[in-house]
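Undergrad: One structure, as structure tokens, below. Some questions next.
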Amino acid sequence: MALKESEAIVLRTYPLREADLLVTLFTRVEGKVRGVARSAKKSKRRFGGALEPLTYVRAFYDEREGQELTRLDSCEVLESPLAIEVSYARAVALGHVAELLDELLPDHEANDAVFRLALSVLAGLRGRDLWGPVTYFELWITRLMGYLPELTECIVCGRELNGSRAYFHALVDGLVCADDKRLASSEMSAESRQLVALMLRQPLDGFAGQPWPRELGADLRKFLMQTLQRHIEKKLLTVPMLEKGSF
């Protein structure tokens, strides 16, 4: 059987038996694929450092009828996150991107828009400012998955929120005005709502070189994570790690 070939991003690896690895790839051709890399812990020629999470690779694999897992034959590194120093902050940001992709993407469903988004964000995370790429990724992955609500009007009464205070709640899909907010709601600032409009119009590299302190868009990130976790019905492990980070 001829091997399949695709650009891919490594999302997860897990030990499997003595020398094998169970690998989750986000391929450009077939979406998310899970496979076994035989003797991956021993074979530097076939895999080398290609199976580190968030490595951009060219993967060669085959699928056999009736088997859930593919057989990963080899990987060629196209871009590695280990090419530059990986600080704790950068490791957390990379892990966050990997977790979101793994949790949100269905198996065997190609999504070129998400693949291009992931590549641009991985490039952005090679810079010093991490909050910009993280915020941009969270916003766009929410939109591309179809979970981003309209943020310019109250979802309860329909009132326009432009220039008005806006609030969100962990159990509500969208923003509400001051009259319709629930107890324990959080406010999303006008600055963050303007930031959304800007990020939806501009590529990530358009923000390169601009300082992005943690406080910028913090309320937006909270809203986006509440939205995504509500839809996948589970807590994301990397969210508290980001919240506690001092970078």
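The values are calculated or read from the model by the stated rules, or taken from the named source; none is laboratory data. Keep in mind that this is a model prediction, so the values were computed, not measured. Neighbour counts run over all protein chains shown; Cβ positions are idealised from the backbone, glycine included. Accessible surface is based on the protein model in full, side chains and every heavy atom, while ligands, DNA and RNA are left aside. Shrake-Rupley method; radii C 1.70, N 1.55, O 1.52, S 1.80 Å.
Undergrad: List the pair-distance distribution P(r) of the stretch 5-76, using every Cα-Cα distance, as the percent of pairs falling in each 5 Å bin from 0 up to the bin containing the longest distance, rounded to whole percents.
TA: 4, 20, 32, 29, 12, 3, 0
Undergrad: Taking Cα pairs under 8 Å and at least six residues apart, what relative contact order does the chain come out at, in percent?
TA: Normalised by residue count, the contact order of the chain is 15 percent.
Undergrad: Now a separate question. With a 1.4 Å probe and every protein chain left in place, work out the accessible area per residue of the stretch 203-247 in Å², rounded to a whole number.
TA: Result: 58 Å² of accessible area for each residue.
Undergrad: Considering only C-alpha atoms, what is the centroid distance from the stretch 1-41 to the stretch 157-176, in Å?
TA: For the stretch 1-41 versus the stretch 157-176, the Cα centre distance is 42 Å.
Undergrad: Below 11 angstrom from the Cβ of Ala8, what's the summed charge of the other residues (Lys, Arg +1; Asp, Glu -1)? Walk me through the numbers before you get to the answer.
TA: On the way: positive: Lys4, Arg28, Lys32, Arg58; negative: Glu5, Glu7, Glu30, Glu76.
It works out to a net charge of 0.
Undergrad: Please report the net charge: other residues with Cβ closer than 15 Å to the Cβ of His108, K and R +1, D and E -1. It would help to have the intermediate numbers written out before the result.
TA: On the way: positive: Lys4, Arg28, Lys32, Arg34, Arg64; negative: Glu30, Asp62, Glu63, Glu65, Glu68, Asp102, Asp107, Glu109, Asp112.
Residues close to His108 contribute a combined charge of -4.
Undergrad: Using the heavy atoms of the protein chains and a 1.4 angstrom probe, tell me the accessible area per residue for the stretch 33-139 in square angstrom.
TA: 47
Undergrad: On the protein heavy atoms, probe 1.4 angstrom, tell me the percent of accessible surface of the stretch 131-173 carried by carbon and sulfur.
TA: 46
Undergrad: For the stretch 90-130, what is the per residue volume of the convex hull drawn over the alpha-carbon atoms, in cubic angstrom?
TA: On the way: hull volume 2.5 nm³, N = 41.
Looking at the stretch 90-130, the number lands at 60 Å³ per residue.
Undergrad: Based on Cα positions only, what radius of gyration and what Dmax would you give for the stretch 166-212, in angstroms?
TA: So, for the stretch 166-212, Rg and Dmax equal 13.9, 39 Å respectively.
Undergrad: Please identify the GluC sites (Glu not before Pro) of the stretch 140-226 that satisfy two criteria: DSSP loop assignment and at most 15 other Cβ atoms within 10 Å. Which are they?
TA: Those satisfying the criteria are Glu150, Glu215.
Undergrad: Here's another thing I want to ask about it. Give me the percent of the accessible area of the stretch 184-247 that comes from carbon and sulfur atoms, probe 1.4 Å, all protein chains in place.
TA: In the stretch 184-247, the share of accessible area belonging to carbon and sulfur is 56 percent.
Undergrad: Would you kindly derive the ³J(HN,Hα) couplings of the stretch 208-219 from the backbone phi angles with the Karplus curve 6.51 cos²θ - 1.76 cosθ + 1.60 (θ = phi - 60°), listing them in order in whole Hz, with x for Gly and Pro?
TA: Taking θ as phi minus 60°, the curve returns 4, x, 7, x, 9, x, 4, 5, 6, x, 4, 5 Hz for the stretch 208-219.
Undergrad: Let me ask something else. Normalise the Cα radius of gyration of the stretch 59-125 by 2.2 N^0.38 Å (N = residues in it) and let me know the number.
TA: Compactness ratio reported: 1.33.
Undergrad: Enumerate the amide H contacts of Glu153 below 5 Å, restricted to partners 5 or more residues apart or on another chain; note that Pro and chain-start residues carry no placed amide H.
TA: Result for Glu153 returns Leu161.
Undergrad: I would also like to ask the following. Kindly write out, for the stretch 157-167 in residue order, the coupling ³J(HN,Hα) from the Karplus curve 6.51 cos²θ - 1.76 cosθ + 1.60 (θ = phi - 60°), rounded to whole Hz, with x marking Gly and Pro.
TA: Per residue, the Karplus-derived 3J(HN,Hα) values read 9, x, 5, 5, 9, 4, x, 9, 6, 10, 9 Hz.
Undergrad: Another question, then. Based on DSSP H runs of at least 4 residues, each adding -39500 (n - 2.57), what is the mean residue ellipticity at 222 nm of the chain after dividing by all its residues, to the nearest 500 deg cm²/dmol? Display every interim value, and only then the final one.
TA: On the way: 6 runs with 78 residues, N = 247.
Taking each H run of at least 4 residues, the total per residue is -10000 deg cm²/dmol.
Undergrad: Further question on the same structure: Can you pull out the trypsin sites (Lys or Arg not before Pro) in the stretch 45-95 whose DSSP state is coil and whose Cβ has at most 12 other Cβ atoms within 10 Å?
TA: Passing both the DSSP loop test and the Cβ count: Arg45, Arg64.
Undergrad: Right, another one. Kindly give the semi-axes, whole Å and largest first, of the ellipsoid equivalent to the stretch 106-157, taking each as the square root of 5 times a Cα gyration tensor eigenvalue. Display every interim value, and only then the final one.
TA: Details: eigenvalues 118, 66, 8 Å².
That gives 24, 18, 6 Å for the three semi-axes.
Undergrad: Let me ask you something else. Kirkwood hydrodynamic radius for the stretch 181-239: how many Å is it when counted over pairs of different Cα atoms?
TA: 13.3 Å is the Kirkwood radius here.
Undergrad: With no solvent and one equal point scatterer placed on each C-alpha of the stretch 128-247, evaluate the Debye formula and give log10 I(q)/I(0) for q = 0.14 Å⁻¹, two decimals.
TA: Taking Cα atoms of the stretch 128-247 as identical point scatterers yields -0.59.
Undergrad: Shifting gears a bit: Express the Stokes-Einstein translational diffusion coefficient of the chain in µm² s⁻¹, to the nearest whole number, given a Kirkwood radius over alpha-carbon pairs, 4 °C and a viscosity of 1.567 mPa s.
TA: Using the Kirkwood radius from Cα pairs, D works out to 67 µm²/s.
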